Amino acid sequence: MSLPSKPLAGLKVVELGTLIAGPFASRICAEFGAQVVKVESPDGGDPLRKWRKLYEGTSLWWFVQARNKQSLTLNLKHPEGMAILKRLLADADILIENFRPGVLEKLGLGWDVLKALNPKLVMVRLSGFGQTGPMKDQPGFGAVGESMGGLRYITGFEDRPPVRTGISIGDSIAALWGVIGALMALRHREVNGGEGQVVDVALYEAIFAMMESMVPEFDVFGFIRERTGNIMPGITPSSIHTSADGKHVQIGANGDAIFKRFMLAIGRTDLAEDPSLASNDGRDLRRDELYGVIDRWANSVPLDALMQTLNDAQVPASRIYSAEDMFTDPQFLAREMFLQAKLPDGKPFKMPGIVPKLSDTPGSSEWVGPKLGEHTDRLLGELGYSPSAISDLREQGAI
């Protein structure tokens, strides 16, 4: 029995999302073989098309975020536009949406309606605060979820205000939870004989779920984790250090055997053999002393020699990479983490590779983010609309 070329082949996903959380979730599905129909407003489509760096008027981010998707323009305020969407959802497997709670209900697409239309449908709902609770109607972007979920509070240096991580990580983590939830619901449907269900992901909860031991530490000890810059209190040594030529390096030598190898490699046999430093709790008590030792060593050695010493001693470490560093790195290249693609005018450009790596049914990028409404006519034809009917719909403003 031959297997499909991709693990999600045969699944139909409808995306009613904009910007990051919903579209990233459906992008993952598209990379692994699902047919993803992205429903966009005819009036400009997803705002992400105009975010960050634009190439000939379209965001480079868009070409990545919407790869492998089909763009269908529908005016959901027009009755015919809504009728088309319902026909689309009638045989869909997954609906991914990231509107504010209540928006779909006002359009007449609440869960009760959708379940009656398609009992097998899995509905992934991504929102700031979830579909229930006193805050459900409030708007919430990823930055808000990161703040409420605890990430922003512990990010930065103790003598300065909290900082962001540099990307919209709250949205992306929520998207991952959405995909995980959808796959769980599909397994329940396919293996356990269940029906479709709602996967309710709140951005703040997506972050909160990643906060390690924060909850029990506060509950048991009344301990509140604070900002600590580049170090990890309670886990020593693990921090960023600067080489003699001004390059930044993350060194994680917090394993007992690793710490000993590290100290021997930099000529500090006294510390390597000190019984009080043989385990993490002892090292953490002398944290400032150890970081001073490592800082002085790193400051005296250029990057290449520093990395050679660490690698020879099998100490986990990495210089802090920029995009430029990644483009020439042998590990990135060996793992095919850059895919060659073409922009609409034929100009070649690189996109990030596919994660995760599946040995038998790997994902891929077949085409870049489409033009607005690029697949409208074809998709409507597949739903049974004739060319003349499609022309009429366009004249009516339904598509």
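The values are calculated or read from the model by the stated rules, or taken from the named source; none is laboratory data. Predicted, not measured: the structure shown is a model, and the values here were computed from it. Neighbour counts run over all protein chains shown; Cβ positions are idealised from the backbone, glycine included.
Of Asp295, Asp377, which residue is assigned to a helix (DSSP H, G or I), of a type in the set (Asp, Glu) and not assigned by TED's automatic domain parsing to the domain that holds Phe63?
That would be Asp295, the only listed residue that is assigned to a helix (DSSP H, G or I), of a type in the set (Asp, Glu) and not assigned by TED's automatic domain parsing to the domain that holds Phe63.
Does any residue of the range 163-176 turn out to be modelled with pLDDT of 95 or more and either part of a strand (DSSP E or B) or in contact with a His (Cβ under 7 Å, 6 or more places away or on another chain) (or both)?
Checked the range 163-176: no residue is modelled with pLDDT of 95 or more and either part of a strand (DSSP E or B) or in contact with a His (Cβ under 7 Å, 6 or more places away or on another chain) (or both).
Which residues, taken from the range 309-338, are closer than 20 Å to Asn299 by Cβ and part of a helix (DSSP H, G or I)?
Within the range 309-338, Thr309, Leu310, Asn311, Asp312 qualify.
Condition test on Gly130, is it outside any helix (DSSP H, G or I), at pLDDT 95 or above and either of a type in the set (A, V, I, L, M, F, W, C) or under 22 Å from the mean Cα position of the chain (by Cα) (or both)?
Answer is yes for this residue.
So, Trp111, is that one closer than 30 Å to Gly346 by Cβ and modelled with pLDDT of 95 or more or not?
It is false that Trp111 is closer than 30 Å to Gly346 by Cβ and modelled with pLDDT of 95 or more.
Output yes when any residue across the range 222-232 is modelled with pLDDT of 95 or more and over 29 Å from the mean Cα position of the chain (by Cα), and no when none is.
yes
Please determine, by comparing only the residues of the range 146-160 that are closer than 24 Å to Asp200 by Cβ and in contact with an Asp or Glu (Cβ under 8 Å, 6 or more places away or on another chain), which one is surrounded by the most Cβ atoms within 10 Å (Cβ to Cβ).
Gly149
With the requirement that a residue be part of a strand (DSSP E or B) and either under 14 Å from the mean Cα position of the chain (by Cα) or under 23 Å from Pro348 (Cβ atoms) (or both), what does the range 17-42 give you?
If the condition is that a residue be part of a strand (DSSP E or B) and either under 14 Å from the mean Cα position of the chain (by Cα) or under 23 Å from Pro348 (Cβ atoms) (or both), then no residue fits.
For the range 294-316, does any single residue satisfy the condition of being under 30 Å from Leu264 (Cα atoms), touching a residue at least 24 places away in the same chain (Cβ under 8 Å) and under 28 Å from the mean Cα position of the chain (by Cα)?
The answer is yes; a qualifying residue exists.
So, of the residues in the range 342-374 that are outside any loop (DSSP other than H, G, I, E, B) and under 21 Å from the mean Cα position of the chain (by Cα), which turns out to be farthest from Ala9 (Cα to Cα)?
Restricting to residues being outside any loop (DSSP other than H, G, I, E, B) and under 21 Å from the mean Cα position of the chain (by Cα), the top hit is Lys350.
Within the range 119-137, which residues are over 30 Å from Glu190 (Cβ atoms) and either crowded, with 20+ Cβ neighbours inside 10 Å or touching a residue at least 24 places away in the same chain (Cβ under 8 Å) (or both)?
Listed by number, the residues that qualify are Gly128, Phe129, Lys136, Asp137.
Please tell me if Ala83 is loosely packed, with under 15 Cβ neighbours inside 10 Å and closer than 25 Å to Val191 by Cα.
No: the conditions fail for Ala83.
May I ask you to list pairs of residues, at least six apart or on different chains, whose Cβ atoms are under 6 Å apart, with the first in the range 257-275 being within 12 Å of Val293 (Cα to Cα) and the second being modelled with pLDDT of 95 or more and of a type in the set (Val, Ile, Thr)?
Phe262/Val315
Condition (residue is in a helix (DSSP H, G or I) and over 30 Å from Gly229 (Cα atoms)) applied to the range 149-160: is it met by at least one residue?
no
Would you check if there is a residue in the range 3-16 being assigned to a helix (DSSP H, G or I) and either more than 28 Å from Gly130 (Cα to Cα) or of a type in the set (Lys, Arg) (or both)?
No, every residue in the range 3-16 fails to be assigned to a helix (DSSP H, G or I) and either more than 28 Å from Gly130 (Cα to Cα) or of a type in the set (Lys, Arg) (or both).
Please name all residue pairs, on different chains or six or more residues apart, with Cβ atoms under 6 Å, provided the first residue is in the range 155-172 and is under 22 Å from Ser322 (Cα atoms) and the second residue is aromatic (Phe, Trp, Tyr).
Ser172/Phe24
Pick out the one residue from Ala92, Ala66 that is surrounded by 21 or more Cβ atoms within 10 Å (Cβ to Cβ), over 21 Å from Leu393 (Cβ atoms) and assigned by TED's automatic domain parsing to the domain that holds Ala116.
Of the residues listed, the single one that is surrounded by 21 or more Cβ atoms within 10 Å (Cβ to Cβ), over 21 Å from Leu393 (Cβ atoms) and assigned by TED's automatic domain parsing to the domain that holds Ala116 is Ala66.
Got a sec? Which helices (runs of 4 or more DSSP H) wholly within the range 43-118 have at least 1 residues that are more than 25 Å from Ser172 (Cβ to Cβ), of a type outside the set (Ser, Thr, Tyr) and in contact (Cβ under 8 Å) with a residue 24 or more places away in the chain?
79-89, 111-117
Would you be able to say whether some residue in the range 32-53 is over 20 Å from Trp367 (Cβ atoms) and outside the structural domain of Arg125 (by TED's automatic domain parsing)?
No, the range 32-53 contains no residue that is over 20 Å from Trp367 (Cβ atoms) and outside the structural domain of Arg125 (by TED's automatic domain parsing).
Output the qualifying pairs, or none if there are none: Cβ atoms under 8 angstrom, residues six or more apart or on different chains, first residue in the range 200-226 and farther than 14 Å from Tyr153 by Cα, second residue of a type in the set (Lys, Arg).
Sorted first by the residue in the range 200-226, then by its partner, the pairs are Asp200/Arg125; Val201/Arg125; Glu217/Arg225.
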